[in-house]
Amino acid sequence: MLGYLLKRLIQMTLVLWVVSVIVFIMMSFTGDPVFMVVPIDATDLEIEQARRLLGLDQSVLVQYWKFMTSLLHGDFGRSYVFRQPAMTLILERLPATVEMVVVAMVLAVAVAIPLGVYAGANPNGRISRTIMAGSLMGISLPGFWVGMVLIYLFAVTWGIFPSSGRGDTAEVLGLRISLVTRDGWHHIALPAITLSLGTMAILLRMTRAGMMEVSRQDFMKFARAKGATRRDVLYKHGLKNALIPVITIFGLQLGDLIAFATITETIFSWPGMGKLLIDSIYRADRPVIVVYLMLVALIFVVINFLVDIVYTLIDPRITLK
Amino acid sequence: MENSEHIPLLEVRDLHTYFHTFSGTVKAVNGVSFEIGKGEVMGLVGESGGGKSVVGFSILGLIDSPGKIESGELLLEGQDLVTAGEDRLREIRGREISMVFQDPMTSLNPLHTVGRQMDEVLRLHSDLGAEARQTTCIEMLESVGISRAAERLKAYPHQFSGGMRQRVVIAIAMLARPKLIIADEPTTALDVTIQSQILKLMRAQIADKGASMILITHDLAVVSEMADHITVLYCGNVVERGQTRDLIENPSHPYTRGLIDSIPDTTQRLDRLSQIPGSVPDIRNLPQGCNFRERCPRAQAICAQKEPSLTPQHKSLMAACHFPLKPGEAA
Ligand SMILES: Nc1ncnc2c1ncn2[C@@H]1O[C@H](COP(=O)(O)OP(=O)(O)OP(=O)(O)O)[C@@H](O)[C@H]1O
Ligand SMILES: [Mg+2]
C-alpha cells in the first residue's frame, strides 16, 4: 500500500511537471503581455522597462527556470494586472467554483442514478423511453443556451430566482461558503442546474447501459431466486456491479466541470475562478493562467487517484498495484 | 413412495411457456405435466434446448419478457403459483422452493462476500438475529464440505474454486430449508470426481431435511442413481415418464431408449456406443405430428400427421409414442 502511494505520488508529480512545461511553451506563443500592462501611449523605453520588470526579456528557458525555482519556494508568481500573488487570486475564487460544481454534481447523481437504474431495468417501458429522450436533450443542448432559457423563465418572467451573482456567504472553517445561507441557495440554484444537466444526462446513460448489461447476468436472477426484493436486486446487486464505468465518467466530469465552469460562471456572473480565467486570458495575465492550469491539472490528477481508490472499495477483484 | 398425504408437493399441469422473440415464438415448454411427492427426487432429462431450465424458471416465476407462462397450473401444495402475485412468489422463492443454477461460476455476485450472500437468504426468510444467522451459515457451509467456514464467510467468490463456489450455491439453496430444490445441472461445470461428491452431498442433505428435488440434467447415468422417478423432455414436451427403474431398464419411448444407449458403459466397447441420429429440430417451427419422428427409427406415416399423447405403458411408465417399445424390445 505504501509502495503504491509512493508510486502514485511520483506519477502525479511527473504529470504536473509535464503540464507545466506544456503550459509554459504554449504561453510563449500567445500575445505579448507587455502591451496589456503599459499605457497605450507608452514609449519604446517604457515598454522595454516594463518588459524587464516582468522578466519577459529573458528566454523562455530562463523564465521557466525562474518560475520553477520560485515555485519550489512556494511562490507561484504575481498577477501582472492585480499585482497580487496569482495563487491568492485563484484561491479566493476557488470556493465559489467548487461550491457550484459540488451542488451540480450532487444534483446530477441524485437524478441520474435512480432514473438510470429504472431505465436500465425496464428498457422497453414508455417511462424509460421518455427518460432517454430527455437525456438526449440534456446531452445535446448547449449549456449557455439552457442557462439563458432558465434566466429568461425563472428570473425574468417569473422572478423566482436571481439571474446573477453569488448570495450571502458565511465563514466556515476559514472558507467563505454561500451554501450555509438561504440567499446563497437562492443564488446557486440556476447556475448549478445549468451546469448539472449535461453531466446528469451522461451519468444517466452510463447507469442505464451498465444496468442493462448487469441485468443479463446470472447472479441477478439468482438473487431473485433467493427471494430478494426487486429494489434490493436492482440496487444492492445490480447497481454496484454497474458502477465502475459510471464512477470513471463521474471522475472525468467532476474535473471537467471544475475546469470548464467558465461558461456558466460567465452567464450568471458567478465570481468563481472560471471567470477569473476568462478575464486573465483577455488581459494576457500569464502568471494567473499558468497557476490556474496547474491547479486544474492537480485537481484532475487527484480526482483520478481517488477514483482508483474507489474502484478497489467497490470491487474486491481490483487491487492497487 | 407410500405417503399419507394425498396432494403432491408440486404438481405441474399442462404448462406452456413461450418466448415471443423477433424471429418468432419459441415454444420452449409446450404442455408439460408432472408431479413430485414430498421427499422425492425427480429427474428431468433431455437434450440441450429441451426446455428443462425453462421449466425450472417457470416454477419460480422467473420467466422474463419476452417470455411468458401462457397457460397451465403450478400447484405448490395445492396453491397455484402462476396466478400468485409477485409478493407471494417472493416469499416462496428461497424459502419454499429454491434453485441451483446451471452455471455455478456466475450465480454468485462478485462484489459481495460469500457470507453476505448467504446471510441475505436468512435475513429474508427467518427471524434469526445476526449471530444466529452467522452460526447457521457456518454450519451450512461445513455441511457442504467447506472447511474453515467462519473465515471463508468473509471471502469473495473469486477467491473460491469452481467446486467450492458450487458448494456455496448449494448451501445457499438449502439454507432456508426449502421444501423443494430445483437443481439445474448442478454438476456439469465441475470435474468428474467433484461431481459425484456433490451429488452425494445433495442427496444426503435432501434426505436429512425431508426436502424434495427436481434434478435437471442431460445425463441419464446421473439421474438413474439419484432419482425416484424421471420425466423425459423433448422439444418442450414430456415424451416419457415413470419410476426410475422401470424407465431405465425398459424405456418405452424410442427417444428415451436413444438417451440410455448413449450412456457410456464400462462393460461396452466404445465403438458400440450409439448416438441418437440427427439433431433437435428448430423449436420455432416444429414439424407436424411427433417432434421426434425425423430422428426415430420406428416412425411411420401416422407419426407425421398426429401428435401422440401420453398414454400408460407397462408398469409405471407413461409415454407419448404411436409405436412404443415393449419390454426387452430394441429400438
Ligand atoms: N430468454 C429466452 N429467449 C428466447 N428463447 C429462450 C430463452 N430462454 C430459453 N429459450 C429457448 O427455450 C428453449 C429451451 O431452453 P432451455 O434453456 O430450457 O433448455 P435446456 O433443456 O435447459 O437446455 P440445456 O441442457 O442446454 O440447458 C431453447 O430453444 C432456448 O433457445
Ligand atoms: Mg438448461
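Structure summary
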quantity	calculated
Residue identified as surrounded by fewer than 18 Cβ atoms within 10 Å (Cβ to Cβ), part of a helix (DSSP H, G or I), at pLDDT below 90 and in the same structural domain as B:Pro104 (by the TED database) among B:Asp208, B:Asp271	B:Asp208
Filter result for A:Gly227 (surrounded by 22 or more Cβ atoms within 10 Å (Cβ to Cβ), in contact with a Ser or Thr (Cβ under 9 Å, 6 or more places away or on another chain) and not in a helix (DSSP H, G or I))	yes
Hits in segment B:275-324 (condition: loosely packed, with under 14 Cβ neighbours inside 10 Å and assigned to a loop (DSSP other than H, G, I, E, B))	B:Gln275, B:Pro277, B:Gly278, B:Ser279, B:Asp282, B:Arg284, B:Asn285, B:Gln288, B:Pro297, B:Gln300, B:Lys306, B:Ser309
Filtered residue count, segment A:11-37, keeping only those that are buried (at least 17 other Cβ atoms within 10 Å of the Cβ) and assigned to a loop (DSSP other than H, G, I, E, B)	1
Checking B:Glu96 against (1) touching a strand residue (DSSP E or B) at 6+ places or on another chain (Cβ under 9 Å); (2) within 16 Å of ligand 1 (Cβ to nearest atom); (3) in contact (Cβ under 8 Å) with a residue 40 or more places away in the chain, the condition it does not meet	(2)
Checking A:Ala201 against (1) away from chain B (no Cβ under 14 Å); (2) among the small types (Gly, Ala, Ser); (3) part of a loop (DSSP other than H, G, I, E, B), the condition it does not meet	(3)
Segment B:45-58 residues that are within 13 Å of another protein chain (Cβ to nearest Cβ), paired with ones that are aromatic (Phe, Trp, Tyr) and more than 8 Å from ligand 1 (Cβ to nearest atom) (beta carbon under 9 Å, 6 or more apart)	B:Ser53/B:Phe101; B:Gly56/B:Phe101
Residue that is farthest from ligand 1 (Cβ to nearest atom) [pool: residues in segment B:56-78 that are farther than 26 Å from B:Val169 by Cα and of a type in the set (D, E, K, R)]	B:Glu73
Sole residue being under 30 Å from B:Asp64 (Cβ atoms) and either within 14 Å of chain B (Cβ to nearest Cβ) or assigned to a helix (DSSP H, G or I) (or both), chosen from A:Ile281, A:Ile244	A:Ile244
Test for B:Ser53: is it at pLDDT below 90 and within 16 Å of ligand 1 (Cβ to nearest atom)	no
Selection status of B:Arg90, surrounded by fewer than 24 Cβ atoms within 10 Å (Cβ to Cβ), of a type in the set (Lys, Arg), touching a residue at least 40 places away in the same chain (Cβ under 8 Å) and at the interface with chain A (Cβ under 9 Å from one of its Cβ atoms)	no
Filter pass, B:Leu81 being away from ligand 1 (no atom under 16 Å from the Cβ) and without any contact (Cβ under 8 Å) to a residue 24 or more places away in the chain	yes
Residue within segment A:124-131 that is under 24 Å from A:Ala261 (Cβ atoms), modelled with pLDDT of 90 or more, exposed (fewer than 13 other Cβ atoms within 10 Å of the Cβ) and assigned by TED's automatic domain parsing to the domain that holds A:Gly255 present	no
Check on B:Pro186, part of a loop (DSSP other than H, G, I, E, B) and within 21 Å of B:Gly56 (Cβ to Cβ)	yes
Residue that is surrounded by the fewest Cβ atoms within 10 Å (Cβ to Cβ), among those in segment A:205-223 that are in contact with a Gly (Cβ under 9 Å, 6 or more places away or on another chain) and within 8 Å of another protein chain (Cβ to nearest Cβ)	A:Gln217
Per-region count, segment A:284-321, residues outside any helix (DSSP H, G or I), surrounded by fewer than 18 Cβ atoms within 10 Å (Cβ to Cβ) and of a type in the set (D, E, K, R)	3
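The values are calculated or read from the model by the stated rules, or taken from the named source; none is laboratory data. Predicted, not measured: the structure shown is a model, and the values here were computed from it. Every residue, glycine as well, gets a Cβ built from its backbone with ideal geometry; the counts of neighbours run over all protein chains shown.
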